[in-house]
Amino acid sequence: MKKKPGAVLVGCVLALLAAIVLGASFGTDPVSVVTAVLEPASRDHDIVFEVRLPRVLLAALAGAGLSIVGVALQALLRNPLAEPFVLGVSGGSAFGATIAILFGLTGATVLGASLVPIAALAGGVGATILVHAFAAAANESRGTSVLLSGIVVNAIASAAITFLKTLIVPAKAQELLFWLMGFLDVPSRASLVALAVYMAIGTSILLYDAARLNVLSLGDEAAEHLGIRVRSVEIRTMLASSLVVGAIVSVTGLIGFVGLIVPHVLRRLLGADTRVLMPASLALGGATLVLCDLVSRGSFRWLHIEPPVGAVTALLGGPLFLLLLRRRFA
């Protein structure tokens, strides 16, 4: 049963706010949020506002970005299995960021912009071009060929990253491996602001084309008859998706399946209208990853270890992907 869009959107925003409060309230050390707010010189204030809140905001931004990209790619490709991790965009972005990190470009900037997100963007765009080239060779621009091409590109990117890891010292390779598994840490203020800027640019483009993506569901020919420049929409959507995913991957590493879980939950509640799904996915996607990170932080506290959040999202999203794949080809 479809719910009222306004009520669902408000619910998603409230879920995001609740998740942010929970994420900032719970952790290894018990703190009081009230004390943290009322006493700026207290230890609780330092823990909440200098450690936990930046990490929670990073999770919210990353989850929101991956979710809206999932909505956009599923609408563009008319494929419910599409999402940045599966389609190779994340893998390509990870490869580009890996190259930048291995060459010591973490602190380098061009016109004030960090080179790591730029390299990740280049990798994501390259992966997107490869996916479409493989699909075009199969005479199919959408559907199964795109999905399979994305899996192949992901495998190629993973193999290339594995090869690069053999060229560096073991300590650096271990650090890189942990990053590639999707790990949320306390970000610097500069990286958090940069991610927010990249996110704002990419998501604005996706929201701008939301109504056009709805029309594309009628097919390319019908959309062109209705005045939609299909090729322009495709290019803008892919570039914006690559920008968002590249910026996220450069900070968090590979976090998969968020762009698959959230759109499917919302589609059951709201239907297929991309204009409604996109803003709702921003809020619910942020809440989802914040809660997954909270699970990651608290699940193995007794062992004093913390699994990467990418493992949590994979455990949730992997079975869902297999279920959807079974329904699609049953």
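What the table below lists for this structure:
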read-out	value
Qualifying positions in the stretch 265-294 - of a type in the set (A, V, I, L, M, F, W, C) and not in a helix (DSSP H, G or I)	272
Pair list, Cβ under 8 Å, 6 or more apart: the stretch 228-244 residue without any contact (Cβ under 8 Å) to a residue 24 or more places away in the chain, other residue in a helix (DSSP H, G or I)	228/212; 228/215; 228/216; 230/216; 230/220; 230/223; 230/224
Condition check for residue 153: crowded, with 17+ Cβ neighbours inside 10 Å and either out of contact with any helix residue (DSSP H, G or I) (no Cβ under 6 Å at 6 or more places or on another chain) or modelled with pLDDT under 80 (or both)	no
Residue in the stretch 233-245 that is of a type in the set (A, V, I, L, M, F, W, C), crowded, with 24+ Cβ neighbours inside 10 Å, closer than 15 Å to residue 127 by Cα and touching a Pro at 6+ places or on another chain (Cβ under 6 Å) present	yes
Cβ pairs under 8 Å, 6+ apart, first in the stretch 42-71 and within 18 Å of residue 85 (Cα to Cα) and touching a residue at least 40 places away in the same chain (Cβ under 8 Å), second part of a helix (DSSP H, G or I) and of a type in the set (D, E, K, R)	59/293
Complete set of residues in the stretch 295-310 that are modelled with pLDDT under 80, part of a helix (DSSP H, G or I) and in contact with a helix residue (DSSP H, G or I) (Cβ under 9 Å, 6 or more places away or on another chain)	299
Close pairs (8 angstrom Cβ cut-off, 6 or more residues apart or separate chains): touching a residue at least 40 places away in the same chain (Cβ under 8 Å) and over 17 Å from residue 242 (Cβ atoms) in the stretch 147-166, surrounded by 15 or more Cβ atoms within 10 Å (Cβ to Cβ) and of a type in the set (S, T, N, Q) anywhere	147/79; 161/98; 164/98
Boolean, residue 264 is more than 29 Å from residue 54 (Cα to Cα) and surrounded by fewer than 22 Cβ atoms within 10 Å (Cβ to Cβ)	no
Subset of the stretch 40-98 [farther than 22 Å from residue 161 by Cβ and of a type in the set (Phe, Trp, Tyr)]	49
Options 69, 51, 37; residue that is under 12 Å from the mean Cα position of the chain (by Cα) and assigned to a helix (DSSP H, G or I)	69
Residue 221, sole failed condition from (1) in a helix (DSSP H, G or I); (2) in contact with a helix residue (DSSP H, G or I) (Cβ under 8 Å, 6 or more places away or on another chain)	(2)
Candidates 82, 64 - the one that is of a type outside the set (S, T, N, Q), out of contact with any Pro (no Cβ under 8 Å at 6 or more places or on another chain) and either modelled with pLDDT of 90 or more or surrounded by fewer than 24 Cβ atoms within 10 Å (Cβ to Cβ) (or both)	64
Residue check, residue 211 assigned to a helix (DSSP H, G or I), exposed (fewer than 14 other Cβ atoms within 10 Å of the Cβ) and touching a residue at least 24 places away in the same chain (Cβ under 8 Å)	yes
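The values are calculated or read from the model by the stated rules, or taken from the named source; none is laboratory data. What you see is a predicted model; the values in this text were computed from it and never measured. All Cβ positions, glycine included, derive from the backbone under ideal geometry; neighbour counts span all protein chains shown.
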